[in-house]
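The values are calculated or read from the model by the stated rules, or taken from the named source; none is laboratory data. Since we're looking at a predicted model, the values are computed, not measured. For neighbour counting, all protein chains shown are included, and Cβ atoms are generated from backbone atoms with ideal geometry for every residue, glycine included.
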Amino acid sequence: MEVVLLGTGSPIPDPNRAGPATLLKTGEGGLEQVLVDAGRGCVMRMAAAGSMPVLLSGVLITHLHSDHVCALNDVITTQWVMTTEPRPLRVWGPVGIKRFVERTLDALGPDIGYRIAHHDDLNWEPAVEVCEVTAGDSFALGSMQVSVHATAHAPVEPTAGYRVEREGRVVALAGDTIPCAGVDDLTSNADIYVQTVIRDDLVKLVPMARMQDILDYHSSVEQAAQTAERNNVKTLVLTHLVPAPQPGQHDEWRAIAARHFSGEIVIGDDLTSISP
Ligand SMILES: [Zn+2]
Ligand SMILES: [Zn+2]
């Protein structure tokens, strides 16, 4: 399994970082592909990673914060217009994702009508198969086995972390969360643990209430590293970096994590690829 960080940004717009989105590639020729979250610009980054929405076996959504789902409409439309026969896009997410997709399709209604009217060979509407999941659920996704774990991002509820296993390899994708028992289960003995993080030491310096508010529901770099160490993770991958590290600052981030975690540490940039 290959993990490609499509977007390592956050709600704060950044010309070099797309919104939170991660691609898993596995199977024959890397053609089994799963998108985890659909942040700003993720379809552009998929193209850069040699992917396309039409190639997706599925989409896993961690939660309905806008930075994690704002480009799902683009994934849905681009998948639909590139299919040559009716083929559903399969989406898994916490309770609420069904309604979100229904509303998205409603908003796309005019476009769907225009394209069906204009293209003789496109006579079906986007078919999105949505499955709402809760902690404890597990399901097969192609050759992968996925289990759903509780994460803690209150007041955002429900949320989901996904543990993806294939041929003895484990990739754990946590989304936004503070450390909790669910994340410990999610990451136990994982080969790769992808965690969204903030630098609490830097965010604390920003004299804006709205920035201070984010401290209580994200893992800090230290906390992510402690979770990784406690759960015997091999490689910790940090993404959704707030504030975004500038060139030359990655070593500082890595050093903070390394004080708490003895395994490999990746400070994510867009299109970083990691294989277990
Ligand atoms: Zn969030
Ligand atoms: Zn977020």
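Does Arg199 satisfy the condition of being of a type in the set (Lys, Arg), within 16 Å of ligand 2 (Cβ to nearest atom), crowded, with 19+ Cβ neighbours inside 10 Å and over 26 Å from Met46 (Cα atoms)?
Criteria met by Arg199.
Looking at region 166-188, I want the residues that are more than 16 Å from ligand 2 (Cβ to nearest atom) and have a partner that is modelled with pLDDT under 95 and outside any strand (DSSP E or B) with Cβ atoms under 6 Å, at least 6 apart or on another chain. Which pairs are those?
From residues that are more than 16 Å from ligand 2 (Cβ to nearest atom), the pairs are Arg166/Met1; Arg169/Met1; Arg169/Pro276; Val171/Met1.
Return the total of residues in region 2-17 being part of a loop (DSSP other than H, G, I, E, B) and surrounded by fewer than 24 Cβ atoms within 10 Å (Cβ to Cβ).
5
Please tell me if Ala71 is among the small types (Gly, Ala, Ser) and either within 16 Å of ligand 2 (Cβ to nearest atom) or within 13 Å of the chain's Cα centre (by Cα) (or both).
Criteria met by Ala71.
Please specify each residue of region 132-145 satisfying the condition of being under 15 Å from Val34 (Cα atoms) and in contact (Cβ under 8 Å) with a residue 40 or more places away in the chain.
Residues satisfying the conditions are Phe139, Leu141, Gly142, Ser143, Met144.
Which of (1) touching a strand residue (DSSP E or B) at 6+ places or on another chain (Cβ under 7 Å); (2) more than 16 Å from ligand 2 (Cβ to nearest atom); (3) in contact (Cβ under 8 Å) with a residue 40 or more places away in the chain is the odd one out, the single condition Ala48 does not satisfy?
(1) is the only condition that Ala48 fails.
Determine which single condition Thr227 fails, assuming it passes every other condition in (1) more than 22 Å from Gln33 (Cα to Cα); (2) surrounded by fewer than 24 Cβ atoms within 10 Å (Cβ to Cβ); (3) among the polar types (S, T, N, Q).
Condition (2) is where Thr227 drops out.
Spot the failing condition for Gly248; the list is (1) on the phi > 0 side of the Ramachandran plot; (2) assigned to a strand (DSSP E or B), and only one is missed.
Result: Gly248 fails condition (2) only.
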